[in-house]
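Note sheet for the following structure.
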Amino acid sequence: MKEIKLNLGCGQTGYPDWVNIDNSWSAIISRWPRIRRLLWKTGVISKDSYEAVWPKNVERRDLSGRLGYPEGSVSKIYSSHMLEHMERSTGENLLKECFRVLKKGGTFRLVVPDLAYHCRRYLEKTASGESVGREPHDELLFNLYGAYFNKKRSGAFHSYMYDWPTLHELFKQIGFSKVTRQNYREGSDKELFSLDSRPEDSLHVEAIK
C-alpha cells in the first residue's frame, strides 16, 4: 500500500508523492482560466488571486472537519503557517484529527508564527527607541491579527496565535507521546523538516504519536 503523507494548508506548494490540501477556492478557480478572468474583471477575486499559479496536485478541501482517512492510516503530516488562520476550537479539532489518522509512531511537524517572537520584537523595538510613534504597535497588531487593518480580508489573517508552552500542553492533552520544539530544518524526520521555508518568525514543533 502506498504511504500516505499529508501536507495541510499547502498554499501554492504541491510536493510530489504528498497529498497536498488547501482550503482556498483559488486552487479550483485557477484550473478554469476564462472563469478566473471573469471573476477578476467583475471584482469577485483580487488581482493576486487572478495571477496566482496553483499546481494541479493541490486538492481543495475544508480542513475544519474530518480529514477523511481511516484511523492510523497516515505516515506523516506537515503543516506550515495554516493553523493560526483557524479559530481556536477549530484548530484544536484539526490537531485531534491529525492524531487520529496518524499511525502509531507517525510524526506531525507543525509550523506556526511564534507569538513570543513577535512580542519580544515589540518590546525590543520600543525599549531601544529603534522605532517611534505607532509603528511597533501597528506591526505587532498586524502580525497578531491583521484584520485590524483590513476587515474585508479577515479570512487571510490570524484568528489565533500560539507559543511553545501552549502548543506543548495542547499536543500532550491530545495524546501525542513525544512533543519537541525544533529549529528550522532540524528534527528527527529529514523529509519533514526539509519542507520548512520560514525560519525567522516561526515556531517549529515535532509531535510523535
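Each reported figure results from applying straightforward, stated rules to the coordinates on display, with no laboratory input. Every value quoted in this text rests on a predicted model; they were computed, and no experiment measured them. Note that each Cβ is placed from the backbone with ideal geometry, even for glycine, and that neighbours are counted across all protein chains shown.
Some values worked out for this structure:
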{"quantity": "Net +/- balance of residues flanking PHE176 in space, Cβ distance below 10 Å, scoring K and R +1, D and E -1", "calculated": "+2"}
{"quantity": "Relative contact order [Cα under 8 Å, 6+ residues apart], the chain, whole percent", "calculated": "20"}
{"quantity": "Neighbour-count order for CYS10, CYS98, fewest beta carbons within 10 angstrom listed first", "calculated": "CYS98, CYS10"}
{"quantity": "Qualifying GluC sites (Glu not before Pro) in the stretch 59-124, DSSP loop, other Cβ atoms within 10 Å at most 16", "calculated": "GLU71, GLU87"}
{"quantity": "Rh (Kirkwood; distinct C-alpha pairs) - the stretch 68-145, Å", "calculated": "14.9"}
{"quantity": "222 nm mean residue ellipticity, helices alone, for the chain (DSSP H n ≥ 4; -39,500 (n - 2.57); rounded to 500)", "calculated": "-9500 deg cm²/dmol"}
{"quantity": "Ratio of Rg to Rh over the chain (Cα coordinates, Kirkwood Rh, two decimals)", "calculated": "0.99"}
{"quantity": "Neighbour-count ranking [beta-carbon atoms within 10 angstrom, fewest first] of LEU123, LEU195, LEU115", "calculated": "LEU123, LEU195, LEU115"}
